[in-house]
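Shown next, in structure tokens, is the structure this report addresses.
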Amino acid sequence: MHPATQKLAPADEANLVLDHAGQVNVFLAACLLGPGGFLAPDGTPDMARLRATLLERIADLPALRKRVIQVGRRHHWVESVPDVEHHIRLVEPVDGLGGLQDKCAELTGEPLAWDRPMWEVLVVPGASATGVGVVLRIHHAVADGMTAAVIVQQLFDPGEPGEQPAGEAHLRLPEKAPQSQPGNDLRRTVRRVTTGLFRILKTLWGSGVGGTVLLGERSSHRGVAFLQTDIEALETAVRPRGATVNDALLAAAAAGFRAVLAAAGEPIAARLPVSVPVALRRRGAAANQVGVMLVQLPLGEPDPDVRLRLIAAQTREEKLRAREQGTLEFMRGPIGARILDRFSRKQRVVAGFVSNVPGPKGTYRLAGAPVIALWPLGILPGNVRLGVAAVSYGGNLCCGIHFDALNVPGDVFASAMGEEMARLCG
């Protein structure tokens with residue numbers, strides 16, 4: 001074996017399995033940049049300067065200097081010098097923020113080549129009046145949400161003077177599960193095994209979601225919408241109600257789901273289950289270390305404040321259980337991922353995905369150009385037709401909504417979610 005190769009961790013290999021025709025397992029971050037650094041006052045980008053700056057950063061980022069090769073039935077990482085002319089590219093101009101959203105929607109269907117390092121930075125002129133858009137795409141085998149946040153912080157410039165410099169220390173690290181006494185170890189093991197078996201059976205044969213526009217075979221016509229809300233105002237408003245920003249995100253998503261079902265002429269489900277990733281404490285070399293909690297959004301509750309409290313009561317318990325249980329059983333290796341991939345095309349366990357990744361305390365610059373806005377965009381796996389990803393940035397909770405535009409009225413979802421966010425802020 002070549003000394004530069006390293007076997008993929010099982011959880012990372014599982015994410016290769018989920019990348020195939022009709023399902024691109026690549027997430028992205030979309031940014032708006034203002035003039036400065038590599039970006040001239042009229043918005044003209046100096047691509048040579050950008051590439052030179054990022055090439056220096058990549059030297060300290062092993063995750064961006066490796067490609068995947070097949071060795072027998074498994075895959076290995078091998079050191080690979082990125083071709084910055086390919087990985088950092090200028091694309092065709094778009095028409096404003098709407099054009100950037102359309103470009104991101106188009107990119108959700110474009111796979112990344114496996115014979116190169118699995119990432120790219122695309123500069124998108126025209127995304128704003130005086131600046132450009134930038135889209136960073138990273139394959140899920142290279143990074144989960146938390147790992148990607150660290151990569152972004154190392155790839156971009158530190159914050160402005162007076163801000164705390166960007167770095168991993170600024171991530172809101174996962175809460176530690178309560179420490180067990182030695183005498184409780186056996187009970188914890190039994191509980192984990194029992195819960196794991198239940199989750200396996202539920203994943204394979206669960207039927208908590210009836211027939212709905214939210215699930216089904218997806219078209220190739222994707223849609224993207226961006227939202228942002230003042231995070232301090234949101235936190236100040238919901239904290240006295242015993243809720244977190246993440247609870248508020250889920251409550252706002254619940255309003256969006258209610259609106260979509262109403263627009264589709266479907267009955268409002270009493271409870272709508274969504275999958276919510278939960279960051280785990282880092283152990284070992286795997287880039288993907290994510291648990292999952294199932295949150296039942298109480299759509300049938302007409303009072304939005306009661307919905308928020310019901311969601312908060314669930315997440316307080318489910319988050320700790322998810323961290324104790326660890327990575328979803330089917331995503332602990334490629335064999336389980338193949339089973340999951342097959343069954344997820346007809347699953348009735350979850351109706352959507354909602355994720356929230358912590359961002360920096362301050363703001364970023366990219367090769368000297370200020371990043372004035374940033375939105376994440378997640379992946380739609382299986383038969384799910386709508387998902388929400390959020391990140392805190394520049395004092396805002398920034399949300400990217402990804403949906404099957406042919407089957408789901410994503411604009412209705414985005415409008416209702418934005419209205420609920422504004423209401424929650426009071």
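The values are calculated or read from the model by the stated rules, or taken from the named source; none is laboratory data. What you see is a predicted model, and the numbers here were worked out from it, not measured in a lab. FYI the Cβ positions are ideal-geometry reconstructions off the backbone, even for glycines, and counts take in every protein chain you see.
Out of the residues in the stretch 11-44 that are in contact with a Pro (Cβ under 7 Å, 6 or more places away or on another chain) and over 30 Å from S219 (Cα atoms), state the one that is surrounded by the fewest Cβ atoms within 10 Å (Cβ to Cβ). Top of the filtered list is P41.
Of all residues being crowded, with 24+ Cβ neighbours inside 10 Å, hydrophobic (A, V, I, L, M, F, W, C) and under 18 Å from the mean Cα position of the chain (by Cα) in the stretch 367-383, which is farthest from P273 (Cα to Cα)? Just the residue, please. Of everything passing the filter in the stretch 367-383, L374 is farthest from P273 (Cα to Cα).
Taken over the stretch 217-231, the criterion of being part of a strand (DSSP E or B) and more than 15 Å from T108 (Cα to Cα) is satisfied by L227, Q228, T229, D230.
So if I check each of A105, A14, A48, A63, which one is assigned to a helix (DSSP H, G or I), outside the structural domain of N396 (by TED's automatic domain parsing), small (G, A, S) and without any contact (Cβ under 8 Å) to a residue 60 or more places away in the chain? When all the criteria are applied, what remains is A48. Restricting the stretch 253-286 to residues that are assigned to a helix (DSSP H, G or I) and touching a Lys or Arg at 6+ places or on another chain (Cβ under 9 Å), which is nearest to T203 (Cα to Cα)? Checked the stretch 253-286; the qualifying residue nearest to T203 (Cα to Cα) is A254.
Within the stretch 214-261, the set of residues being within 30 Å of R345 (Cβ to Cβ), surrounded by 14 or more Cβ atoms within 10 Å (Cβ to Cβ) and either small (G, A, S) or touching a Ser or Thr at 6+ places or on another chain (Cβ under 6 Å) (or both) comprises G216, R222, G223, A225, A251, A252, A253, A254, A255, G256, A259.
Working only within the stretch 293-309, note down all residues that are in a helix (DSSP H, G or I), surrounded by 21 or more Cβ atoms within 10 Å (Cβ to Cβ) and either aliphatic (A, V, I, L, M) or not assigned by TED's automatic domain parsing to the domain that holds A262 (or both). Before the answer, list the steps.
Quick first cut of the stretch 293-309, residues in a helix (DSSP H, G or I) only: 304-309.
When the remaining residues are screened for being surrounded by 21 or more Cβ atoms within 10 Å (Cβ to Cβ), the result is 307-308.
Answer for the stretch 293-309, where residues must be in a helix (DSSP H, G or I), surrounded by 21 or more Cβ atoms within 10 Å (Cβ to Cβ) and either aliphatic (A, V, I, L, M) or not assigned by TED's automatic domain parsing to the domain that holds A262 (or both): just L308.
If only residues of the stretch 129-157 that are of a type in the set (V, I, T) and more than 21 Å from L280 (Cα to Cα) are counted, the one that is surrounded by the fewest Cβ atoms within 10 Å (Cβ to Cβ) is T130.
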